1. Based on this model, can you work out whether Phe45 counts as open to solvent by less than 100 Å² (accessible area, probe 1.4 Å), aromatic (Phe, Trp, Tyr) and not in a loop (DSSP other than H, G, I, E, B)?
2. Would you mention how many residues in segment 25-44 are hydrophobic (A, V, I, L, M, F, W, C) and over 13 Å from Arg4 (Cβ atoms)?
3. Need pairs with beta-carbon distance below 6 Å; first residue in contact (Cβ under 8 Å) with a residue 12 or more places away in the chain and within 10 Å of Phe38 (Cβ to Cβ) and within segment 8-28, second surrounded by 10 or more Cβ atoms within 10 Å (Cβ to Cβ) and aromatic (Phe, Trp, Tyr); sequence gap 6+ or separate chains.
Amino acid sequence: MIGRHIDAYIEDYYKTSNNALLITGARQIGKTYSIRKFGEKWKCFV
């Protein structure tokens with residue numbers, strides 16, 4: 001897997017905030033992939 005800046009940002013945001021995170025950006029840059037990889041840590045992820 002290629003390391004992306006968004007992966008570290010999501011990790012840091014989760015650790016420091018209880019608010020929802022809205023991820024926006026250009027098409028086909030790996031947003032969905034990063035979110036799914038982040039969600040693999042939990043048994044139940046929507």
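The values are calculated or read from the model by the stated rules, or taken from the named source; none is laboratory data. This structure is a prediction, so every number in the text was calculated from the model and none was measured. Counting neighbours? That spans all protein chains shown, and the Cβs are built from the backbone with ideal geometry, glycine included. Keep in mind that these areas ignore ligands, DNA and RNA; they rest on the heavy atoms of the full protein, side chains included. Shrake-Rupley method; radii C 1.70, N 1.55, O 1.52, S 1.80 Å.
1. In short, no.
2. Count: 3.
3. Ile10/Phe38
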